[in-house]
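First the structure, in the form of structure tokens, and then the observations on it.
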Amino acid sequence: MIFNFTNYPEYLGQVLKTRQKTNRAYSLRAMARQLSVSPATLSDVIAGRKNLSERTGVKVGTHLKLKGRPLRYLGALVSYQLAQDPALKIVVASELKA
């Protein structure tokens, strides 16, 4: 599922929507608690106003029970979003395509 996304805020938003469809009582606060981030941070990340650090991205992926390739893909999405150097963005983009 994560491989269908080109940025992690959209992925996290979809995870939230999917969980809310399954459980109407599930909220952003509940997801933030499970991911060990503040609700404000999660809201800002999903809205694209804030980025996760690489360390927090790995922590979030682990809490979402991602392992192996999916976890590495999430990490690459976070790295791509954080990259300031155009050359680094190209390297990370090639990792994402692979």
Model label zone, Lys59; criterion: amide N under 14 Å from point 7 Å along Cα-to-beta-carbon; scope segment 7-32 = 32
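Size of the dipole of the chain about the Cα centre, Lys and Arg at +1 and Asp and Glu at -1 on the beta carbon, nothing else charged, in debye to 20? Let's see the in-between values first.
Details: 16 positive and 5 negative charges, 98 e Å.
It comes to approximately 480 debye.
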inquiry  = Could you compute how much accessible surface Thr41 exposes when probed at 1.4 Å, giving the result in Å² to the nearest 10?
reply    = 30 Å²
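Just to check, using Stokes-Einstein with a Kirkwood Rh over alpha carbon pairs, what's the diffusion coefficient of the chain at 20 °C and 1.002 mPa s in µm²/s? Working shown, then result.
Details: Rh = 13.7 Å.
This corresponds to a translational diffusion coefficient of 156 µm²/s.
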query = Which whole-number percentage describes the relative contact order of the chain, with Cα contacts under 8 Å and a sequence gap of 6 or more?
reply = 27 percent
query = Under a straight-distance cross-link criterion of Cα-Cα below 26 Å, which lysines are reachable from Lys21, leaving out those fewer than 8 residues away in the same chain?
reply = Lys50, Lys59, Lys65, Lys67
inquiry  = I want to check the label-to-label distance for Leu88 and Lys21. Put each point 7 Å from Cα in the C-beta direction and report it in nm to one decimal.
reply    = 3.6 nm
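Solvent-accessible area per residue for the chain at a 1.4 Å probe radius, Å²?
Working: 6280 Å² over 98 residues.
On a per-residue basis, 64 Å².
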task = For segment 27-98, run through the trypsin sites (Lys or Arg not before Pro) and keep only the ones in DSSP coil with at most 12 other Cβ atoms within 10 Å of their Cβ.
result = Arg49, Lys65, Lys67
task = Quantify, in whole percent, the carbon and sulfur part of the accessible surface of the chain (1.4 Å probe; protein heavy atoms only).
result = 53 percent
ask   = Given labels modelled 7 Å from the Cα in the Cβ direction, how far is it in nm from Ala30 to Asn7?
value = 2.7 nm
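The values are calculated or read from the model by the stated rules, or taken from the named source; none is laboratory data. What you are looking at is a predicted structure, and each value in this text was computed from that prediction instead of being measured. Using ideal geometry, Cβ is built from the backbone for each residue, glycine included, and neighbour counts are taken over all protein chains shown. Ligands, DNA and RNA are stripped out before the accessible areas are found, and what is left, the full protein with its side chains, is counted by its heavy atoms. Shrake-Rupley method; radii C 1.70, N 1.55, O 1.52, S 1.80 Å.
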